[in-house]
1. Hey, quick one: spin label on R95, modelled 7 Å out along Cα-Cβ, who in segment 344-359 has an amide N within reach, i.e. under 11 Å?
2. Cα convex hull of the chain: mean projected area in nm², to one decimal?
3. Could you put T350, T30, T270 in order of accessible surface area, largest first, with the 1.4 Å probe and the full protein assembly present?
4. Relative contact order for the chain using alpha-carbon pairs under 8 Å, separation at least 6, rounded to a whole percent?
5. Below 8 Å between Cα atoms, with a sequence gap of 6+, how large is the relative contact order for segment 271-425 in percent?
6. If you wrap segment 74-229's Cα atoms in a convex hull and average its projection over all directions, what's the area in nm²?
7. Which value, in Å² and to the nearest 10, is the accessible area of D322 when all protein chains are kept and the probe is 1.4 Å?
8. Using a 7 Å offset from the Cα along the Cα-to-Cβ direction at both V26 and L278, what is the distance between the two label points in nm, to one decimal?
Amino acid sequence: MIARTALYSRFVSPWLRRVLGPLLPVDRFTSSDRRIVAVIWTAGLVQGFAQSQVSATLPFTRAGLGLSEGEMSMLLGIARLAAFAALPLGWIADRRGRRRPLLWSVTLVVIGGTLAGLAMEAWQFGTAQAILRTGTAGMGGLALVLLAEQVSPVIRAYAISFYGAAVSFGAGLALMTLPLADGGGETWRIPHLLIALGFLVLPLLVRTVPESHVFVEDHEPAGHWRDLISGMWARRFWLVAVVGLLVSAFSAVALAFSTTRMIDHVGLSTGSTVIVALLGGTLGGLGFFVGGHLADAWGRRRATVISLLLALAGGLVIYWSDSVPVIVVAVMVSSFGTFAFVPAGGAHRTELFPTGLRASANTAVANFGLAGSAAGLILGRFTIDQIGLSETITLLGVGMAAAALLTLLLPETRGQDLSATPTARL
């Protein structure tokens, strides 16, 4: 027995450590790290469930509203452009603190998602989606900032991976409600109305979301928009914004029409589509933690570029292959890359800007991401019906490849102290 234990300790344990290493943080979480991660995870779950209903139920929502694929693409694109209303949330967060604007953002997500299920006309649905997307833009910027400013620098990217995983888990729950929409008539409304359950979570978040200690202790004067647009931080800001725009243009169309691709083009049933998406997405979900580990261990830039190229490769295969096993693998690869980008890219962009501009910059970048998704969907209005869905995805994929190259122009920021002002030199 003793010999067997010694053998296990010498060979099996090191082997397991090597296997599980990429899935584990590079250092231990403190109790305060775990607490803020749990709070932001809860908010991310609500966000993911709400924002994913429109893509998960798109074939049935589109039919219920009497829209073509191109018209639905245009409607969702315009709704995302309206989400630039979230910019004041970042401005307020740099002047008054991160906590309240984040809570307002969550509230907008729940209100907009619920109203979508009550819409009688297409314009009403689009307005509800605009409200929801304003909230998701605020959350996408402020949740990352608050999380990054609260956790230990050495595990910052890995901590952000939990937020991404929560959004993804919420999206998975949204996908599981797809059969509820597949009943004809008005049943497409049911998954959207389930978003109202988020109102039960809001009181918990009000009690537990803290104020950022970096914001409280730093007392750095808030910056001005001109510092980002044309000042010393402009080149860095525009690079990050363009990367976010190009990535979202590809991802939004690829995700929004994934169920349409599998149901209407490949010929899968609704149940089979759910299984394929959940199987590939669940396995690909490891990308959150691998991406967070690699970003903390290797650096932000390298992890970001790898994740973008994987997302691009898998996404293209989904829209060009008719083989179900190949599509399952492609969904896994694409999901892995997309998910790995969240902690790597999220940590990178929070570390690139000083405290007085961090919330404004990150909220603006989140809005550029929505603008990118809007641009992709609006482009789809004119190209999907003309040249085809797969061809449109390929066209947008060129921008995704460009985003990976542009990332290499940004400085590496691993280990950045967020209470110190980073240099603006590239």
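1. Counting backbone N atoms under 11 Å from the label point, the list is empty.
2. Working: hull surface 85.3 nm².
That works out to 21.3 nm².
3. Working: T350 0, T30 60, T270 25 Å².
Of T350, T30, T270, the descending order of accessible area is T30, T270, T350.
4. Numbers: 795 pairs, mean separation 111.1, N = 426.
Reported as a whole number, the value is 26 percent.
5. Values: 195 pairs, mean separation 49.9, N = 155.
Relative contact order for segment 271-425 comes out at 32 percent.
6. Numbers: hull surface 43.1 nm².
The Cα convex hull of segment 74-229, projected and averaged over all directions, gives 10.8 nm².
7. 110
8. Placing both labels 7 Å along Cα→Cβ, they lie 3.6 nm apart.
The values are calculated or read from the model by the stated rules, or taken from the named source; none is laboratory data. Quantities reported herein were computed from a predicted structural model and do not represent experimental measurements. Cβ coordinates were reconstructed from backbone atoms using ideal geometry, including for glycine residues, and neighbour counts include every protein chain displayed. Only protein heavy atoms, including side chains, enter the accessible area calculation; ligands, DNA and RNA are left aside. Shrake-Rupley method; radii C 1.70, N 1.55, O 1.52, S 1.80 Å.
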